[in-house]
Amino acid sequence: MRLTVLGCSGSLPGPGTPASGYLVEADGFLLALELGNGTFAELQARHDPFGLGALVFSHLHPDHCADFTALTVLRRKHPEPPYDMRERRLPVFAPGNAPARLAAAYAPSEAKLAKTDLSDVFAFHPLRPGVGVHIGPFEMWSLPVDHTTEAFGVRVRHGGRTLAYTGDTGPCPALDELADGADVLLSEATWTHSPTRPGGMHLSGRQAGELARRAGVGRLLITHVAPWSDRDAVLAEACAEFPATVLVEPGATYPV
């Protein structure tokens, strides 16, 4: 199993850095995890987007799902698709309101919103807390985390290896269960630590490192650092708590 970073900028794209988007690959299967602003271009630079096997959204903030509209245009409008989109609908695992929210983003006008239904080319599956699902060669399960909208962290397992991904979240008990013993923890760390940071939003570098240490993970990958945050300082905070920490880079690939 390997993880490729399409983008890793937190909350919005940064200079030369798309927002959140990752590819998880094993046995020739391509799983997209998030598809935020700017990531669809990076996906096309590496793979044929028609080759996606499934897509997972941890939550529906634009920096994690905005480029779904571009994927929809491709699957609905391409003049010569390689297969029948209606016979091979792309599985999308996401919060339960995803069909309506994503249709609203794609609809050409408010008047046509009620008639915009994307189930012709996508098969939507709601994330269900603690319920495992098989996606190609992967086993995945999700847990709700603490954010400003319905949001989930996910664990993806293949070949005896486990990738845990926090999504966007503030500190919460679910994170310890989510990260427990993972070989790789992909954790957001939007900013440096401060007691005045608002709760229920994001982790600091220190909090991500503390989580990795408590959970006994093999390696910590830091992502989702906001463009206005000091990346080096976020990394230093995490490393002080958990030395086996790397700050991910757009375009880089990491073994799990």
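Scan the range 148-166 and report the pairs whose first residue is touching a residue at least 12 places away in the same chain (Cβ under 8 Å) and whose second residue is among the acidic types (Asp, Glu) and open to solvent by 30 Å² or more (accessible area, probe 1.4 Å), with Cβ atoms within less than 6 Å and a gap of 6+ or a chain change.
ARG157/GLU139; ARG161/ASP183; THR162/ASP183
Which residue is farthest from the chain's Cα centre (by Cα), if the candidates are limited to the range 98-109 and must be farther than 25 Å from THR223 by Cβ and open to solvent by less than 30 Å² (accessible area, probe 1.4 Å)? Can you show your working first?
Filtering the range 98-109 down to residues farther than 25 Å from THR223 by Cβ leaves 99-100, 103-104, 106-109.
Narrowing the set further to residues that are open to solvent by less than 30 Å² (accessible area, probe 1.4 Å) leaves 103, 107.
Numbers: ALA103: 19, ALA107: 23 Å.
Filtering the range 98-109 for residues that are farther than 25 Å from THR223 by Cβ and open to solvent by less than 30 Å² (accessible area, probe 1.4 Å), the one farthest from the chain's Cα centre (by Cα) comes out as ALA107.
Which members of the range 141-172 meet the condition of being open to solvent by 50 Å² or more (accessible area, probe 1.4 Å), farther than 23 Å from MET1 by Cβ and assigned to a strand (DSSP E or B)?
From the range 141-172, those open to solvent by 50 Å² or more (accessible area, probe 1.4 Å) are 141, 144, 146, 148, 150, 157, 159, 161, 171; that's our starting set.
Filter once more, keeping what is farther than 23 Å from MET1 by Cβ: 144, 146, 148, 150, 171.
Matches in the range 141-172: PRO144, ASP146.
I'm trying to understand the selection: among the residues of the range 51-97, which are of a type in the set (D, E, K, R) and open to solvent by 40 Å² or more (accessible area, probe 1.4 Å)?
From the range 51-97, those of a type in the set (D, E, K, R) are 63, 67, 75-77, 80, 84, 86-89; that's our starting set.
Scanning the range 51-97 gives ARG76, LYS77, GLU80, ASP84, ARG86, GLU87, ARG88, ARG89.
Given the criteria of a type outside the set (Phe, Trp, Tyr) and crowded, with 19+ Cβ neighbours inside 10 Å, does GLY16 qualify?
On the way: of a type outside the set (Phe, Trp, Tyr): yes; crowded, with 19+ Cβ neighbours inside 10 Å: no.
It is false that GLY16 is of a type outside the set (Phe, Trp, Tyr) and crowded, with 19+ Cβ neighbours inside 10 Å.
Determine, yes or no, whether ALA103 is touching a residue at least 12 places away in the same chain (Cβ under 8 Å), part of a strand (DSSP E or B) and over 30 Å from VAL225 (Cβ atoms). So that I can check it myself, show each step before the final result.
Numbers: touching a residue at least 12 places away in the same chain (Cβ under 8 Å): yes; part of a strand (DSSP E or B): no; over 30 Å from VAL225 (Cβ atoms): yes.
Considered against the rule, which asks whether it is touching a residue at least 12 places away in the same chain (Cβ under 8 Å), part of a strand (DSSP E or B) and over 30 Å from VAL225 (Cβ atoms), ALA103 comes out as no.
Can you tell me which residues in the range 173-184 are in contact with a Phe, Trp or Tyr (Cβ under 8 Å, 6 or more places away or on another chain) and open to solvent by 10 Å² or more (accessible area, probe 1.4 Å)?
Listed by number, the list is empty, since nothing qualifies.
Those residues that are buried (at least 24 other Cβ atoms within 10 Å of the Cβ) and either among the β-branched types (Val, Ile, Thr) or within 15 Å of THR223 (Cα to Cα) (or both), I need them from the range 19-41; list them, please.
Listed by number, the residues that qualify are ALA19, SER20, GLY21, TYR22, VAL24, LEU33, GLU34, LEU35, GLY36, THR39.
If I ask for residues that are in a loop (DSSP other than H, G, I, E, B), touching a Phe, Trp or Tyr at 6+ places or on another chain (Cβ under 9 Å) and surrounded by fewer than 20 Cβ atoms within 10 Å (Cβ to Cβ), which ones from the range 185-228 would you list? Working first, answer last.
From the range 185-228, those in a loop (DSSP other than H, G, I, E, B) are 189-190, 192-203, 216-218, 224, 226-228; that's our starting set.
If we keep only those that are touching a Phe, Trp or Tyr at 6+ places or on another chain (Cβ under 9 Å) as well, we get 197, 202-203, 217, 226, 228.
Matches in the range 185-228: ARG197, ALA226, TRP228.
Determine whether HIS134 is outside any strand (DSSP E or B) and within 18 Å of the chain's Cα centre (by Cα).
Values: outside any strand (DSSP E or B): no; within 18 Å of the chain's Cα centre (by Cα): yes.
No; evaluated as a whole, the condition is false for this residue.
The values are calculated or read from the model by the stated rules, or taken from the named source; none is laboratory data. In this text, all values refer to a predicted model and were calculated from it rather than measured experimentally. In this analysis, Cβ positions are derived from the backbone assuming ideal geometry, glycine residues included, and neighbour counts consider all displayed protein chains. Surface areas here come from the heavy atoms of the whole protein model, side chains and all, with no ligands, DNA or RNA. Shrake-Rupley method; radii C 1.70, N 1.55, O 1.52, S 1.80 Å.
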